Amino acid sequence: MSLSSITTNILSSLGNNTGSVIPIATKDLIQNQVIVAQYHKDGGKHDAFEKFIEENGTSAIWLGGLPLVKKIMDKTIYKAFNISSDVDIKKLKKGNADSIEFALDKLKEQGKEGTEQYKTLNTVLNNKNLTKALFVSKFAVATLATLFALTKIITFKQKSTEEKVKHKVMLDKMQENALHNNVKTTATGKMFYDKFDASNKNNKQKVSKDLSFKGLGDVASAFMYNPILNQSLLDVGITGLRYKTARDGERRDVMIKEAFEIAFLYPLAYPIQKGFDLLFGKLFNKNTDLDYNVLASDSFESNLANNSIKDSLSKFMKDFDIEKIGKDAAVDNKLLNFIYDNPDNAIVKFLKDTGDVPTVSEVVGKKLGMFDIKQATDEIDSLGFINTKSVQGSLKKLTKMVDSMGDAVGFADKAKEYLKGARKAKGLSIVSAIAFGIWAIGILQTQVVLGARKNKTGSTENEAVTNLEQKIRHQMAFEGKNQIGKKG
């Protein structure tokens, strides 16, 4: 495989907006280590360890555990009820143009009644309520499993830190005791030791009162917990869980971190990517609206070079009012019939490249002897869902792209050169957006948290760990006092 092919595969994966975990996994993998490094450099003694456990553990759940739970349910519960999880649940939503009934009619019209896809869709059609119930159950189980696993990670993190703090306090006490015993053996030390020893009955009451008063002050600064908000049900659960299990003194840390992550995951994600698209598009004088995998598609380049996309788009615009796509049921029905009836049309091929028209994947091999290696075909996947609103968006982007190319359309060399520049611009945009996200969550968010700590306590130490250490010291001092009292 050439360097060019490898680069294309990487950037296509990183810029994949069709639900792939690769962009998230890449960002999280790097971002998590940046967070750990920042806390190791500027944070408290136990911050780096705790962040390493929590951040990487959460990513492992999201990217591995959550899909695994869903896959297990697909292979067990779904299979037990003879329902295919491959059927997109949106096909069951009332009012959607690409319904199960529509897909079955098209397959029947094409003489494919004996195919597996027809049988699968027919089974789901006859068990709509069961299919919906299975989908809801899968979501619920996956969500609860995720929250349970995250609870275990947070508990492990907190328990590990508590053990480390206990060990440190015990070492400190041992050093104090060793120093105390050394002083006691000297002549001067004996004189002072007799005067202030807690076991001395003349001093016992005074010393005990002092310890008791200080202990009450430490106990008064105990633990407090509360939840927070998010846009997604699972993220609400995760955010609430993190906030609820937060120890005394770290609630604000959690709020700041969750606010940053929610902001950059939801409302700011698209504007940031769009901003970089516009920036690099301007610098390279190229249109960067389309996904990288489309710009890298051989069929897309070929159809631009031979003018078939421009001709097909021109004809399509005459037959369809693009503004009504995704809004008018009759127009949507006409669009879906066009897609199914013209699978080799340049526009339909373009929509296959964008992922708006799902295609069947066939198994071409095995990875590690266990995992299927799948390869997309040109056959339309009737089990998938065609979102007509999304189709409208892609067609508008295509129109802008064709217009921006000018006379490069219809000429192989010019089209190739234009797409080469567009890929460079888009690639830089993708990498820049990911890098910006890593900086925002990994560095900016961390510094804001540490800054907030310093403003409140004058230290970047985690207040929760500081409180924990004080509590343990008080407990050990209290136990030591009782032991001295018993001896006395």
Practice prompt. Give me the distance in nm between label points sitting 7 Å out from Cα along the Cα-to-Cβ direction at residue 119 and residue 413, one decimal.
Written response: 5.5 nm
Item to complete: Estimate the FRET efficiency between residue 443 and residue 470 by the formula 1/(1 + (r/R0)^6), using the beta-carbon distance for r and 41 Å for R0, to the nearest 0.05.
Response: 0.85
Response to the item:
Per the rule of 0.36 nm per residue minus the C-alpha distance, extending residue 333 to residue 362 adds in nm 7.6 nm
Response to the item:
By the Cα gyration tensor axes a ≥ b ≥ c (a/c under 1.5 gives rounded; else a/b larger than b/c gives prolate, otherwise oblate), the shape of the range 243-334 is prolate
Worksheet item: Using 0.36 nm per residue, how much length does the chain from residue 252 to residue 74 gain when fully extended, once their Cα-Cα distance is taken away?
Response: 60.1 nm
Worksheet item: So if R0 is 35 Å, what FRET efficiency would residue 110 and residue 82 give, r being the distance between their Cβ atoms, rounded to the nearest 0.05?
Response: 0.90
Worksheet item: What is the diffusion coefficient of the range 357-463 in µm²/s, taking the Kirkwood radius over Cα pairs and the Stokes-Einstein relation at 20 °C with a viscosity of 1.002 mPa s?
Response: 110 µm²/s
Worksheet, complete the sentence: Distance in nm between residue 147 and residue 40 label points, each 7 Å along Cα→Cβ, equals 3.4 nm
Worksheet item: Between residue 156 and residue 244, what FRET efficiency follows from the Cβ-Cβ distance if R0 is 22 Å, with the result rounded to 0.05?
Response: 0.85
Worksheet entry | Whole-Å distance, taken between Cα centres, linking the range 307-357 and the range 91-154 | 25 Å
Worksheet item: Using a basic spin-label model with each label point 7 Å from the Cα along Cα→Cβ, how many nm lie between residue 137 and residue 263?
Response: 4.2 nm
Worksheet item: Over the range 29-88, what number does the Rg to Rh ratio reach, with both radii from the alpha-carbon atoms and Rh per Kirkwood?
Response: 1.32
Discussion item. Here is the link list: 106/315; 70/424; 349/396; 91/112; 27/327. Which ones come out longer than 25 Å on Cα distance?
Written reply: 70/424; 27/327
Discussion item. Which of the three applies to the range 284-426, rounded, prolate or oblate, going by the alpha-carbon gyration tensor with a ≥ b ≥ c and a/c under 1.5 meaning rounded?
Written reply: oblate
Discussion item. As a test of the definition: which semi-axes, in Å, follow for the range 52-119 when you take the square root of five times each eigenvalue of its alpha carbon gyration tensor? Largest first, please.
Written reply: 35, 15, 10
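Every number here is computed from the coordinates shown, using simple stated rules; none is lab data. Bear in mind the structure is a predicted one, so any value in this text is a computation, not a measurement. Cβ atoms come from the backbone with ideal geometry, glycine included; neighbour counts cover every protein chain shown.
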